[in-house]
Amino acid sequence: MNNVDLKSLAANRTVRIVGIVIGVLILLLIAIPLFVNVNNFRPEIESSLSSALGRPVKVGNLSLSIFSGSVKADQLTIADDPKFSNSPFIQAKALAVGAELMPLIFSKKLNVTKIVIDHPEIFLLRNADGVWNFSSIGGQASSSQPANAPKTSSNAPSNSNINIAKLDVNDGTVTVGSSTGKRKPIVYNNVNISVRDFSFSSSFPLTASVGLPGGGSLKIEGTAGPINATDSALTPVQGKLHMTKLDLSQSALVDPTLGITGFADFDGTLTSDGHIAKASGTIKGTSLKLVPAGKPAGEPVQIVFAVDHDLKNETGKIAQGDISVGKAAAKLTGTYNMHGDTTAIQTKLAGDGMPVDDVETILPAFGVILPTGSQLKGGTVSAEINSNGPLDKLVSTGWIKMNNTALAGFNLGSKLSTLSALTGKQPGTGNDTQIQNLSSDVRYAPDGTRLDKINLVIPSLGTVTGAGTISPNNALSFKLVANLSGGVGGGLTKAAGMGSGGVPIDVGGTTSNPTFTPDMKGVMGNKLKGLVPGGKSSPLGGLGGLLGKKP
């Protein structure tokens, strides 16, 4: 036998040996689960998790997967804080616990390296004091466990000793609601959370993505920890947030009863030291409606903001609130309090010299409805509005001023035909009403809007003053006085002895279809009562000459 044959025989023998070894190893790997009853570890797993979280934890039937190096459970249940609910805080159909194989096989010791929770249902609840049901997870929470909670074994590690290289939540569902039941729960789908090097006693990196109702999305990337031993909601956090197409009517941020709708995009940062959370960034709102009677705004609204939020007291300060619509810019400052089911605010919104054309696009969002077919064009508007109270009972007061604008598509002359005849000319040319300036005090509340100290100057008509109200269903009730310009109009006021009193006008109808009724009978009755006719100096003499009749 030559050397070639010997080498070939040796090679074939080596291949057969390697094949036999591999086959034996595969058989051993397949057979190991038969000899290692991982269900024996279930009490230890439940006890360790219960001790770490401070809540009863139950896992289902366990099985060992050698190839993935994990112990799998067909069920996971983590109890809620009994102060909030008797239902589970988290329940999942599958749990995978990564383990070191050698200690597991030879020493029957379970060293956890990773935890993967698939398709969990997570329930977040907030009470009237602003406390969340996850606040009591970990640390001192164990002292409040129910009597039937699993007992922690003497050698079970405390949560401060827990270190997990990989902790993932895949394709979960998060339901956010109120423990008082006053709000309809909001459901978020496609929740994925990835944590690396998790520890209760140090910071760790995390990423998360959430599917928002209405098709939007939220992404978070940053760090968290160490976990606060008293209240996990006070855990330090740093991260970047990117949110697209948040449907405000289906978010946990807004009470649906407030009638606020629209979509919001957000890019910003969040930094918390466990006491004060600082959030800043840019919000872009589209199709915004801010009051129940409002309509979607015609243009996007951008807000560059910075907020300092007191985590313990659930209060905050608006450090920056730059609001812009087109070229119109205003500033929002103030404070808020999130205790209770409805947030309360104390804010000031101020804008100076804002282009009317840009402001006009946002007016429908506040329920401001102009006469049908009309719109404001040109000029500037300034305003200062102070708001105070809970959002569902908010009262806003302040003032507005408007200069050199026009109400296009609305001819006031067609509504004031009687006054037009007195002045001898139409108040406005064509289909527009020119407004030299307008100022008024404003009060907005759930029971309606009130305007006081109205001062309106229309060059072709004169000056209009007065006050009135707009009901929640947009019905008008105003008492105005018109000081007419022009020779005939001015002559009427002087002849009747009205001086600067002017002609009373009742305004009714609705904001979309207002009616103007000059109270001529009231003028005559009030001004001529008690006067004795006679002589050229008599007021009746002047009036008779004006009307073409003898006094």
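Side notes on the structure shown:
- If you filter segment 291-337 down to residues that are out of contact with any strand residue (DSSP E or B) (no Cβ under 7 Å at 6 or more places or on another chain) and among the hydrophobic types (A, V, I, L, M, F, W, C), you find that the one that is nearest to residue 473 (Cα to Cα) is 293.
- Number of the condition not met by residue 276 [criteria: (1) within 15 Å of the chain's Cα centre (by Cα); (2) over 20 Å from residue 168 (Cα atoms)]: (1)
- Segment 279-308 residues that are in a strand (DSSP E or B), paired with ones that are small (Gly, Ala, Ser) and surrounded by fewer than 15 Cβ atoms within 10 Å (Cβ to Cβ) (beta carbon under 7 Å, 6 or more apart): 306/319; 307/319; 308/319
- Some residue of segment 196-215 being closer than 19 Å to residue 284 by Cβ, of a type in the set (A, V, I, L, M) and crowded, with 19+ Cβ neighbours inside 10 Å: yes
- Taken over segment 327-346, the criterion of being over 17 Å from the mean Cα position of the chain (by Cα) and either free of Cβ contacts under 8 Å to residues at least 12 places away in the same chain or surrounded by 17 or more Cβ atoms within 10 Å (Cβ to Cβ) (or both) is satisfied by 328, 330.
- Flag for residue 317 being surrounded by fewer than 17 Cβ atoms within 10 Å (Cβ to Cβ), under 13 Å from the mean Cα position of the chain (by Cα) and modelled with pLDDT of 90 or more: no
- Output for segment 177-192, where each listed residue is modelled with pLDDT under 95 and touching an Asp or Glu at 6+ places or on another chain (Cβ under 7 Å): 178, 180, 182, 183, 190
- Hey, residue 468 surrounded by 15 or more Cβ atoms within 10 Å (Cβ to Cβ), at pLDDT below 95, within 38 Å of the chain's Cα centre (by Cα) and under 21 Å from residue 368 (Cβ atoms) or not: no
- Of residues in segment 372-410 being farther than 27 Å from residue 431 by Cα and among the hydroxyl-bearing types (Ser, Thr, Tyr), the one farthest from the chain's Cα centre (by Cα): 397
- When each of 83, 108, 58, 7 is tested for being modelled with pLDDT under 80, outside any helix (DSSP H, G or I) and of a type in the set (Lys, Arg), the lone residue that passes is 108.
- Scan segment 141-176 for residues that are basic (Lys, Arg) and either at pLDDT below 75 or within 19 Å of residue 233 (Cα to Cα) (or both) and the total you get is 1.
The values are calculated or read from the model by the stated rules, or taken from the named source; none is laboratory data. None of these values were measured; they are calculated from a predicted model. Positions of Cβ are backbone-derived with ideal geometry, glycine not excepted, and every protein chain shown enters the neighbour counts.
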